[in-house]
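Visitor: I have a structure here, written as structure tokens, and I will follow up with some questions on it.
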Amino acid sequence: MGKLIKGEWITKSIITSNESGEYDRLPRTFLDTISHDHEVFKPETNRYHLYVSYACPWATRTLIYRQLKSLTSHIGVSVVHPDMLEDGWVFDNSFTGATKDHLYNKKFLREIYQKADPKVTTSVTVPILWDKKNKTIVNNESSQIIRIFNSSFNDLTGNYDDFYPKCDRVEIDKMNNLVYENVNNGVYKTGFARTQEAYNIAVTKLFETLDYLDNILGQSKYLVGSKFTEADLRLIPTLLRFDAVYVTHFKCNIRRIMDFKNLSRYVDDMLTISAVKETYELEHIKRHYYYSHEEINPYRIIPKGPMLDL
């Protein structure tokens, strides 16, 4: 694992912590958008490309939206190998479902970042939304990419489904903030904690929030309103990894999702959405987490289970 510093690859741990031993996620580097009014990045078919990992919950959000918003024939995808070792994410289609770099035949994902900016200082993450016309990165922040997919290509696809409706945005934003801090990022704060105190704080907040969400889902089928929204689509990738990985690997083991009456029902309901089910690749997920995080699992032993009845 490593990062780019002024365009040079430096091998180092990407698990960054503050003075209290709490995991501190680094901000993303490319934060532009696509719109008809943008001077550079305008919605066009076959202009943009998505770089993802099936293992990564953040990248999975964008894959779900790509299907939901009828963008599969307009935006191509390259999928990295699930192993993230000294060279970071790599392109290697020897693992089922992983692909080569379809655009430039690069070996390392970092080369895509270097192509966008030869002097870039950044963590080398997925997803990446790439502009083939200008040979650069539009955005590498998943929460912004899904907003781009939600509305920017509507006139091109004729798909006007809105997962961030104006009438629910205040509630969706509140839910997103809670879920991001304590669940999406909370599992990483728990698993990457470097002190007992940091772990205790993170795991307590995580399960308090899961209890809260379980209560909400006892009253409603979805998190906000009567239809699934962005709030659900940001939560579900984390829940789908929870029992298989986070319980054991990240020590999020107070309870499993299957032990929550309403959250377990909710997961089953969300898996009836084809875009969620078809972008859920459990073998990529298990391989990535257990094999890549040497600091947590030094012998890189990948468990056989669990057997999940999803």
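The values are calculated or read from the model by the stated rules, or taken from the named source; none is laboratory data. Nothing here was measured: the structure is a model prediction, and the numbers come from that model. Reconstructed Cβ throughout: ideal geometry from the backbone, glycine too, with neighbour counts over all protein chains shown.
Visitor: Counting just the residues of the range 98-127 that are under 17 Å from the mean Cα position of the chain (by Cα) and assigned to a loop (DSSP other than H, G, I, E, B), which one comes out surrounded by the fewest Cβ atoms within 10 Å (Cβ to Cβ)?
Guide: Among those that are under 17 Å from the mean Cα position of the chain (by Cα) and assigned to a loop (DSSP other than H, G, I, E, B), it is ALA98.
Visitor: Among the residues of the range 205-217, are any surrounded by fewer than 19 Cβ atoms within 10 Å (Cβ to Cβ), closer than 22 Å to GLN67 by Cα and aromatic (Phe, Trp, Tyr)?
Guide: no
Visitor: If you go through the range 78-97, how many residues are surrounded by fewer than 17 Cβ atoms within 10 Å (Cβ to Cβ) and closer than 24 Å to ILE148 by Cα?
Guide: Here the count works out to 0.
Visitor: Mind checking which residues of the range 267-310 are within 25 Å of LEU217 (Cα to Cα) and among the small types (Gly, Ala, Ser)?
Guide: Answer for the range 267-310, where residues must be within 25 Å of LEU217 (Cα to Cα) and among the small types (Gly, Ala, Ser): SER274, ALA275.
Visitor: Taking VAL267 as the residue in question, decide whether it is under 18 Å from THR190 (Cβ atoms), among the hydrophobic types (A, V, I, L, M, F, W, C) and either outside the structural domain of PRO57 (by TED's automatic domain parsing) or assigned to a helix (DSSP H, G or I) (or both).
Guide: The answer is no for VAL267.
Visitor: Count, please, the residues in the range 133-145 that happen to be surrounded by fewer than 24 Cβ atoms within 10 Å (Cβ to Cβ) and part of a helix (DSSP H, G or I).
Guide: Of the residues in the range 133-145, 2 are surrounded by fewer than 24 Cβ atoms within 10 Å (Cβ to Cβ) and part of a helix (DSSP H, G or I).
Visitor: Please work out which residue is farthest from the chain's Cα centre (by Cα), limiting yourself to the range 268-310 and to residues that are among the polar types (S, T, N, Q) and closer than 20 Å to ALA193 by Cα.
Guide: Of everything passing the filter in the range 268-310, ASN297 is farthest from the chain's Cα centre (by Cα).
Visitor: Filter the range 156-182 down to the residues that are acidic (Asp, Glu), over 17 Å from LEU210 (Cα atoms) and in a helix (DSSP H, G or I) and list them by number.
Guide: ASP168, GLU171, ASP173, listed by residue number.
Visitor: Kindly indicate whether ASP309 is of a type in the set (Asp, Glu) and in a helix (DSSP H, G or I).
Guide: no
Visitor: Filter the range 259-272 down to the residues that are of a type in the set (A, V, I, L, M, F, W, C) and either crowded, with 20+ Cβ neighbours inside 10 Å or free of Cβ contacts under 8 Å to residues at least 24 places away in the same chain (or both) and list them by number.
Guide: Here is the first cut: in the range 259-272, the ones of a type in the set (A, V, I, L, M, F, W, C) are 260, 263, 267, 270-271.
The answer is PHE260, LEU263, VAL267, MET270.
Visitor: I'd like to check something: does the range 61-84 contain any residue that is in a helix (DSSP H, G or I), at pLDDT 95 or above and hydroxyl-bearing (Ser, Thr, Tyr)?
Guide: Within the range 61-84, the subset in a helix (DSSP H, G or I) is 61-68.
Still in the running and at pLDDT 95 or above: 61-68.
Add one more test, that the residue is hydroxyl-bearing (Ser, Thr, Tyr), and what stays is 62, 65.
Checking the range 61-84: at least one residue is in a helix (DSSP H, G or I), at pLDDT 95 or above and hydroxyl-bearing (Ser, Thr, Tyr).
Visitor: Could you please let me know if THR190 is hydroxyl-bearing (Ser, Thr, Tyr) and surrounded by 17 or more Cβ atoms within 10 Å (Cβ to Cβ)?
Guide: Yes.
Visitor: Do any residues in the range 273-291 that are in contact (Cβ under 8 Å) with a residue 12 or more places away in the chain have Cβ atoms under 7 Å from those of residues that are surrounded by fewer than 16 Cβ atoms within 10 Å (Cβ to Cβ) and among the charged types (D, E, K, R), where the two are at least six apart or on different chains, and which pairs are they?
Guide: Listed pairs, sorted by first residue: TYR290/ARG300; TYR291/ARG300.
Visitor: Next question, about the same structure. What are the pairs, 6+ residues apart or on separate chains, where a residue within the range 145-171 that is polar (S, T, N, Q) has its Cβ under 6 Å from a residue that is not in a loop (DSSP other than H, G, I, E, B)?
Guide: none
Visitor: What pairs can you find where one residue is in the range 64-77 and farther than 14 Å from GLY158 by Cβ and among the charged types (D, E, K, R), the other is modelled with pLDDT under 95 and in a loop (DSSP other than H, G, I, E, B), and their Cβ atoms are less than 8 Å apart, with a gap of 6+ or different chains?
Guide: That search, which allows pairs on different chains as well, returns nothing.
Visitor: Oh, and also: Can you pull out every residue in the range 249-258 that is more than 21 Å from TYR54 (Cα to Cα) and buried (at least 16 other Cβ atoms within 10 Å of the Cβ)?
Guide: Within the range 249-258, LYS251, CYS252, ARG255, ARG256, MET258 meet the criteria.
Visitor: Can you say whether LYS304 is farther than 19 Å from PRO57 by Cβ and assigned to a loop (DSSP other than H, G, I, E, B), as far as the supplied structure shows?
Guide: Considered against the rule, which asks whether it is farther than 19 Å from PRO57 by Cβ and assigned to a loop (DSSP other than H, G, I, E, B), LYS304 comes out as yes.
Visitor: Going by the structure shown, is PHE163 farther than 29 Å from TRP89 by Cα, modelled with pLDDT of 95 or more and in contact with an Asp or Glu (Cβ under 7 Å, 6 or more places away or on another chain)?
Guide: Yes: the conditions hold for PHE163.
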